[in-house]
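One structure is given below, encoded as structure tokens.
The values are calculated or read from the model by the stated rules, or taken from the named source; none is laboratory data. Keep in mind that what you see is a predicted model, and the values were worked out from it rather than measured. No Cβ is skipped: glycine too gets one built from the backbone with ideal geometry, and neighbour counts run over all protein chains shown.
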Amino acid sequence: MKDKYIAARNAYAYPPVGLCATADQIDIHDWKTSFSEHRFDTTLQLDQYHTDCLLSDSNELVLTGIYSVMYWGYITSGAKSVTRCTWISIGNSKNPSNSISYIGRDTAVDIVRKSLQSLNKENYGDALLVIRQLPHVGVSFGTKFLAFMSPEYVGVLDDKITKHLSTGSFSGVS
């Protein structure tokens, strides 16, 4: 069983692709005009880019980080990365109010900064609760954001890991 998990982990690779701003101010109603896809040379460069954006004093860079993390997280799912960025911008047909255009760009940036405050106090549960206030961010994506904001202390709990934790299938792994 342990070998199976190790093999799955070793095969778990995301391409080093994110979004870079092409405009001075991000248009959240038409996000595609504000960003272009960028392929980084390494995943470490991408990770550092996300960290720098999310920890920036610039609201535009924090917003860039939000979009880039969401885009990157769905890049292996084809068009879903574009769909999810559209959802965080303007919502979807089921819930248009679950969007940055509804909560406001400043609120979205404040959520990231409040989450960072909790991380800095080592209140990881609080940080996760706060970051999940971003549109369309659950546990998996919440921990992705936190891992970029505090890579020394936070790891990603994706859907596969969460599923195995809830079933106890990690209990025999040593």
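Inspection of segment 48-60 finds a residue satisfying the criterion of being crowded, with 17+ Cβ neighbours inside 10 Å, more than 22 Å from Q133 (Cβ to Cβ) and modelled with pLDDT of 95 or more.
In segment 33-47, which residue that is among the hydroxyl-bearing types (S, T, Y) and surrounded by fewer than 18 Cβ atoms within 10 Å (Cβ to Cβ) is nearest to F145 (Cα to Cα)?
It comes out as T43.
The listed residues are I28, I66, and the only one of them that is farther than 16 Å from F141 by Cα, among the hydrophobic types (A, V, I, L, M, F, W, C) and either over 12 Å from the mean Cα position of the chain (by Cα) or assigned to a helix (DSSP H, G or I) (or both) turns out to be I28. Of the residues that make up segment 82-100, is at least one of a type in the set (D, E, K, R) and more than 25 Å from C20 (Cβ to Cβ)? There is at least one residue in segment 82-100 that is of a type in the set (D, E, K, R) and more than 25 Å from C20 (Cβ to Cβ).
Of all the residues in segment 119-149, those that are of a type outside the set (A, V, I, L, M, F, W, C) and buried (at least 20 other Cβ atoms within 10 Å of the Cβ) number 4.
Can V112 be described as surrounded by 17 or more Cβ atoms within 10 Å (Cβ to Cβ), among the hydrophobic types (A, V, I, L, M, F, W, C), in a loop (DSSP other than H, G, I, E, B) and free of Cβ contacts under 8 Å to residues at least 60 places away in the same chain? No.
Mind telling me which of the residues S68, S89 ends up being of a type outside the set (D, E) and touching a Leu at 6+ places or on another chain (Cβ under 7 Å)?
S68
Flag: Y153 does not match the condition of being modelled with pLDDT of 95 or more and of a type in the set (F, W, Y).
The single condition from (1) modelled with pLDDT of 90 or more; (2) exposed (fewer than 14 other Cβ atoms within 10 Å of the Cβ); (3) not in a helix (DSSP H, G or I) that A13 fails is (1). Among what's in segment 34-61 and is of a type in the set (D, E) and not in a helix (DSSP H, G or I), pick the residue that is nearest to the chain's Cα centre (by Cα). Top of the filtered list is E37.
Figure legend. Inter-residue proximity from segment 47-64: first residues touching a residue at least 60 places away in the same chain (Cβ under 8 Å), second residues among the polar types (S, T, N, Q), beta-carbon distance below 7 Å, spacing 6+ or different chains. Indicated pairs: H50/S68. Scanning segment 82-100 for residues that are surrounded by fewer than 18 Cβ atoms within 10 Å (Cβ to Cβ), in contact (Cβ under 8 Å) with a residue 24 or more places away in the chain and touching a Gly at 6+ places or on another chain (Cβ under 7 Å) yields a single hit, N98. In this structure, does S97 turn out to be over 11 Å from the mean Cα position of the chain (by Cα), in a loop (DSSP other than H, G, I, E, B) and on the phi < 0 side of the Ramachandran plot? For S97, the condition - over 11 Å from the mean Cα position of the chain (by Cα), in a loop (DSSP other than H, G, I, E, B) and on the phi < 0 side of the Ramachandran plot - is met.
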